[in-house]
1. Label 7 Å along Cα→Cβ of residue 180; the range 243-262 residues with amide nitrogen under 14 Å?
2. Once the Cβ-Cβ distance between residue 119 and residue 249 is put in as r, and R0 is 51 Å, what FRET efficiency do you end up with, to the nearest 0.05?
3. How far is it, in nm, from the label point at residue 31 to the one at residue 44 when both lie 7 Å from their Cα along the line to the Cβ?
4. Quick one: check the C-alpha center-to-center distance for the range 7-59 versus the range 83-112, whole angstrom.
5. May I ask you to derive the FRET efficiency for residue 239 and residue 54 from their Cβ-Cβ distance with R0 = 45 Å, giving the value to the nearest 0.05?
6. For the range 6-117, what D do you get in µm² per second when you plug the Kirkwood radius from alpha-carbon pairs into Stokes-Einstein at 25 °C and 0.890 mPa s?
7. Calculate the spin-label point distance for residue 272 paired with residue 19, positioning each point 7 Å from the Cα along the beta-carbon direction, and give it in nanometres.
8. What does the C-alpha gyration tensor say about the overall shape of the range 1-52? Classify as rounded when a/c is under 1.5, otherwise prolate if a/b is larger than b/c, or oblate.
């Protein structure tokens, strides 16, 4: 499908979407015979839907954004019979790493697509009533660090200072969360649980800093979305689990980096991605 009709989705707020990066991407797409017929500037323009792609005869949607915008794009085209090509256009690019390898840039990915060295896949997602996550789902008061990360991205120094104090207070003093079905881990819970989808199920990690240094280390890891650099423990692999807030308060979530909220107890499970994604890594 090297000459398939394609559209491109970009997001100027994503980590790798500078003007220079966008120009370089467009040159690379052209060099590989993959020039899109239309570029959609999200969020200024609406994301395409399955219906709009079918009507326009689009066979491939190329998405060059961060994980949050990518999540929204996949949701918007659910049920479409075309193929979606994920390119690393954000800061962490966790879904791109799943599909193409952690250190793989878009030049190498596009070369594989041009040569036909890829396959369509439907990887599992981590799902709950608030939505689905393709890269990772976080639960607990530790998700408060996401607002600090936004302030960093916007160079909002007052917001950064204020948010850091609030996030540290929430992580250290907020109501913890725990797994109750299956009953695994510490009974008094964790400031943060991470659910990472894989072909083996949901990998569950518990983050449980004990002292001020640990909390600051975990906060710094959260800001860079490198959660496992903070103190943590592996709690297992599950296809389904139930998490509750230890104090009966709402559960705070991050779905691929985007905030959400559920009741005090919620079920999490795996579901198949609703559209074909192109994978070039040997893991698929």
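Rule-based calculations on the coordinates, nothing more; no lab input. Just so we're clear, the structure is a prediction, and the values are computed from it rather than from any experiment. For neighbour counting, all protein chains shown are included, and Cβ atoms are generated from backbone atoms with ideal geometry for every residue, glycine included.
1. What the label zone holds, given the 14 Å backbone N cut-off, is 243-251.
2. Working: r = 44 Å, r/R0 = 0.86.
Rounded to the nearest 0.05, the efficiency is 0.70.
3. Inter-label distance under the simple model: 2.7 nm.
4. Taking the Cα centre of the range 83-112 as reference, the centre of the range 7-59 is 15 Å away.
5. About 0.85, to the nearest 0.05.
6. Working: Rh = 13.9 Å.
Answer from the Stokes-Einstein relation: 176 µm²/s.
7. So the label points at residue 19 and residue 272 sit 4.5 nm apart.
8. Values: a/c = 2.88, a/b = 1.04, b/c = 2.77.
Oblate shape, in that a/c is at least 1.5 and b/c is the bigger or equal ratio.
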